[in-house]
Each structure stands twice: as C-alpha cells, then as structure tokens.
Amino acid sequence: MLHMFRHRRFTVDILDKDADPLAKAIEPPPTETPEERASRLAREAEAQRRSDAIDEEINRQKQEMKKAPKPVRVLLLGQSESGKSTTLKNFQLMNSPKAFRHERASWRAVVQLNIVRSVRLILETLTEAYEGSSTPTPSSPIEARVPSPTPTAITAELLRLRMRLLPLQQVEEVLLRKLTPAGSAEFEATHLSPINGTPYRTFRGSSTQISGNGKFKEITINSTAQWKIAFGKLVAAARDSFDSAADIDFEDPNDPGVVLNACADDIVRLWHDKTVRQLLEAQRLRLEDMSGFFLDSVERITALRYVPTDDDILRARLKTVGVSEHKFTLRAGNVLSHDWRVFDVGGARSLRAAWAPYFDDLDAIIFLAPISGFDEALAEDPTINKLEDSILLWKHLVSNPLLKNTQMVLFLNKIDILKAKLRARIRFCDFVVSYGTRPNDYDSIANYLKKKFGSLYKQTHQGDARVFYCHCTVMTDAQTTQSILINVKDMVLRQNLVASSLV
Ligand SMILES: Nc1nc2c(ncn2[C@@H]2O[C@H](COP(=O)(O)OP(=O)(O)OP(=O)(O)O)[C@@H](O)[C@H]2O)c(=O)[nH]1
Ligand SMILES: [Mg+2]
C-alpha cells in the first residue's frame, strides 16, 4: 500500500498539483518549520524502509513458491473394469483410511446391488433355457464341455425359486432410486432392464471366444461425491468413523437389506443348484470372475446388520462415468512434503475422449491391463477382445507425443482371475494365436505379456534412460497392492524431484 502511495505521489509530482486534490492534501503545509520538516522526512524515511521490507518479503515468497514442487499428478487409465477405481480406493485406504471407512454405508448399498445383479443374471439365464430361447452355441474350435440342460431339466422347484426371488427386482429399484434421484438424467442412464429382459449371450469369433452382456446395463455414477451423499439416509448420525454398525440405520423398515435377508436362503439354493451350475457352464458364464461377485458370501452380506469390510469395498463394482480425484500429502523425511493428485476416469470406449485434457502436465500414468480378459469381449462391443483392446490402448498412449515425458507404469491386473481360468483349463493360445505352443501356465503367460507390452513401450521410447515399470497385480488384495503402490509413489516422486532439479 505504501508502495502504491509513493508511486502515486511520484505521478502527481509531474502533473499539475493544483488540479489534483490528493496531491494537494499530502503537500507539506507552507508554514512548516525546519523541525517539523525534519520530523516529516524522518517519518517518510521510516515508511519507505517498511515499504521496502514488505516488497522484499513479497519477492522472497514469490521465489519460494516458484521453487516449491508442484503437486504430483497421476492419471489412472485402462479399459472399463480394468481396476482403475479399485486402484484409487487402494490409494485412499493407504492415505486416508478414516475417510475410506467413513463411506461404508454407501458401499453397503453397492454390494447389495451387486448381489442382486448376479441373481438377476442367473434368473435371466434360467428363463431363457426354460423357454428354450437360449442362444445355441455355434460350432467353433473350442467346444462347450458341458451340454446345456434341456427345458425339461428345469424343475418345478427351480421355477418356484425363481418366483420367490422376484421381490429382488423391487430391491434393485429402491437401491437405484437411492443412488440416483428419480427424474434425473442419471437415473435413466443407470436403470437396469426388467428381470425377464434381453438375454445374456455368448459370442464366438473364428479364433476368439468372447462374451458380452449386451443390454444388461451396469450401474453408473457420475460423481463419487454426489452418490455418496445420496446414501445419507442410511446414516443415523455423522460420526468420525464408520467402524461402528450403529452408524447405519438398521431399523429403517425400507432398508433393502430386509428383503435381501428374507431371500438369503433362496439365493444360496439358486447359486448351489446343480442345473443352474450346468446351465452357467454351458453358457460359459463364469460369475465368480465377474465384477462385483459376492454370491459366495450371501449369508454374511444379507445379514440384517451387515457392514462392508475393506475387502468388500475393494470388490464392489460401480462403473465410473465422470472423473474422481484423490488428493493427499506425502511426507518425505521431515523436510519435504508433496501434494499428490490421483485422477480416475471412466474407461468405457465412449468415455475415452475425456482423457486427453488430463495429459497436460502429468507426472505419471498408471495403466491397468486386466490380463484375465484374454477370453472376454468388451461389454460395449462384443466383437472386440478385451486383451486386444488393452494392447491397442497401450500402444496409442506410449506413442502419444503429449505423453513423451510422462512416466508410464503398467499394472498387469486381475492375475488371480487369470490363474483361476488357467486352473479351469481355459487355454490362452485358443484366444491369442501368436502365443503358439508355449505352456499354458501363469509364469509363461505373464512373461509373454510383459514382453509384449514392454516391446511396444521400447519401440517409442528408444534412448530413454527411464526404466519400464511393470507389476503383476491383484487390486482387490489391499496388502500386496499397497507395497506396490508405495514403490510406485517413491519412483514417481524421485522422477518428479529430478525434473524439478531439486536433487
Ligand atoms: N478378482 C479381481 N477383481 C478385481 C481386480 N481389480 C479390480 N477388480 C474388480 O473388478 C471390478 C472392476 O473394477 P473397477 O476398478 O471398477 O474398474 P474401472 O477400471 O474403474 O472401470 P470403469 O469405471 O468402468 O472404467 C470391481 O468389481 C473390482 O473389485 C483384481 O485384481 N482381481
Ligand atoms: Mg471406475
């Protein structure tokens, strides 16, 4: 302010003083004595000194700000269901466990919705088989090992079970209404088709067997913050922690958990029914490998006082449509502290155009390739193999000039499902022709894929001193994931410090 004042005074000096009332007001009085003049000059000198000190401090702070490291920006990328949001959850669990656990009530509803979805999938498959409308499996090099049960194999007991489980349709409605307010555009986007709707189909290409779930829509969420607020009604009181079951309003008679609890025995019966298992196998529907699979924990999850565990939250499936962000501060030693921003975007094909604006000023991309998807198709396009889509996406990203200075980290994810598929004798070479006659075991396949992704990276990063980082991951396993994420954080931070010439 003093600075401005001085400046103004200087300006008015060269103007016509008589015309400027301010200049006139601050002019020394014509009757000023020599003592008064000396005192005024001393005051002005002191004001000048203080003003200079302030300017100096402002400049010093500006320089400091220039030197301080910018926030580390990390973007999670990969196709839909690759595990991006699960990675973000792991970051949250690691850096702000209290906030992560504070959201148990919201995740409780998502887990309930996931279980209802699995039941509905089975019921739809059952209905198709009963009505004899299930898609005949076309001839292909890979024959179905289990013949599909005939409509007559569907017993009266199974049909009664189907009837008794119809109320779950209402549960789905209630949960969806809670998730997205009725009438909003999002509600339409998330509404699932009726229980006897379009059948789930299994597709086969010439060299690729693929499966897609056509019109079986997923629950989608536009903003994590908003949908969590929508579950406020399940919260009896705002507390610091959700570790206490008392935080969920279990007495609410409209709680969807009540109907789920009443249906629990029937759900278990349905899931363990021999004909149902035979039907699913004939249709090559491996529910246990699908996102949001909880049918092996029905009793626990349908208990009236069910509260999701950390593990349940990591397994719960909610498709991302908007962008989520997680901010945290990482302390390196006692001196340095770094702000981090991790961005999670939707991986569905129609949402990928929204990725590019995040490429600017990015420190690292964590790319998730769910390698268990070698025998699956994209939900959005049943003609595209998931693994092929991941490889093409990776190729595009590593050759993008905007990302030439961005550290790329590759997670070959869902290796637990890959191992389960190999145990079930599904052959990798039946879907990836170039794999040839190599052994159908986990190590050989993981090595083959590391080389495949690695060679695409090296093609476009020749002469780059940076190491190619690749990890095999199970994002639903918090323990192993956290040590990998700590490694990645250290590495990205080191690169960031080198880039900002602090070390
Ligand atoms: N078994 C297993 N499941 C996983 C793994 N990683 C993620 N999942 C599950 O896969 C599902 C999909 O994961 P998300 O993190 O929602 O996938 P996404 O990449 O965010 O998908 P979009 O939001 O559609 O782009 C969730 O139910 C996760 O719990 C894994 O390594 N193993
Ligand atoms: Mg997501």
note = Selection from the stretch 489-503 of residues surrounded by fewer than 16 Cβ atoms within 10 Å (Cβ to Cβ) and assigned to a helix (DSSP H, G or I) yields D490, R494, V498, A499
query = Does T481 satisfy the criteria of being modelled with pLDDT of 95 or more and under 25 Å from L397 (Cα atoms)?
reply = yes
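The rows are residues; the columns are (1) surrounded by 15 or more Cβ atoms within 10 Å (Cβ to Cβ); (2) under 29 Å from E376 (Cα atoms); (3) away from ligand 2 (no atom under 16 Å from the Cβ); (4) assigned by TED's automatic domain parsing to the domain that holds W355.
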| site | (1), (2), (3), (4) |
| --- | --- |
| L270 | yes, yes, yes, no |
| L280 | yes, yes, yes, no |
| R284 | yes, yes, yes, no |
| D289 | yes, yes, yes, no |
| S297 | yes, yes, yes, no |
| I301 | yes, yes, yes, no |
| V307 | yes, no, yes, no |
| D339 | no, no, yes, yes |
request  = Pull up the stretch 466-488, narrow it to residues that are of a type in the set (S, T, N, Q) and assigned to a loop (DSSP other than H, G, I, E, B), then point me to the one that is surrounded by the most Cβ atoms within 10 Å (Cβ to Cβ).
outcome  = T473
task = Only residues that are more than 10 Å from ligand 1 (Cβ to nearest atom) and out of contact with any Leu (no Cβ under 8 Å at 6 or more places or on another chain): list them for the stretch 112-133, please.
result = E124, T127, E128, E131, G132, S133
request  = Please name all residue pairs, on different chains or six or more residues apart, with Cβ atoms under 6 Å, provided the first residue is in the stretch 65-83 and is at pLDDT 95 or above and the second residue is buried (at least 22 other Cβ atoms within 10 Å of the Cβ) and of a type in the set (K, R).
outcome  = L76/K84; G78/K84
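Confirm whether T86 is outside any helix (DSSP H, G or I) and of a type in the set (S, T, Y).
On the way: outside any helix (DSSP H, G or I): no; of a type in the set (S, T, Y): yes.
No; evaluated as a whole, the condition is false for this residue.
I'd like the residue in the stretch 68-99 that is of a type in the set (A, V, I, L, M, F, W, C) and within 16 Å of ligand 1 (Cβ to nearest atom) and, out of all such residues, is farthest from L330 (Cα to Cα).
So, considering only residues that are of a type in the set (A, V, I, L, M, F, W, C) and within 16 Å of ligand 1 (Cβ to nearest atom), the one farthest from L330 (Cα to Cα) is L77.
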request  = State whether the residues of the stretch 358-371 include one that is buried (at least 22 other Cβ atoms within 10 Å of the Cβ), more than 15 Å from ligand 2 (Cβ to nearest atom) and over 18 Å from V488 (Cα atoms).
outcome  = yes
request  = Would you point out which residue out of N440, N413 is under 23 Å from the mean Cα position of the chain (by Cα) and either assigned by TED's automatic domain parsing to the domain that holds Y469 or at pLDDT below 95 (or both)?
outcome  = N413
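For (1) within 16 Å of ligand 1 (Cβ to nearest atom); (2) under 29 Å from the mean Cα position of the chain (by Cα); (3) modelled with pLDDT of 55 or more, each residue gets a yes or a no:
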site: N213; (1), (2), (3): yes, yes, no
site: T220; (1), (2), (3): yes, yes, yes
site: V235; (1), (2), (3): no, yes, no
site: E251; (1), (2), (3): no, no, yes
site: N261; (1), (2), (3): no, no, yes
site: Q278; (1), (2), (3): no, no, yes
site: A282; (1), (2), (3): no, no, yes
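The values are calculated or read from the model by the stated rules, or taken from the named source; none is laboratory data. Just so you know, these numbers come straight off a predicted model, no measurement behind them. Note that we place each Cβ from the backbone using ideal geometry, even for glycine, and neighbour counts take in every protein chain shown.
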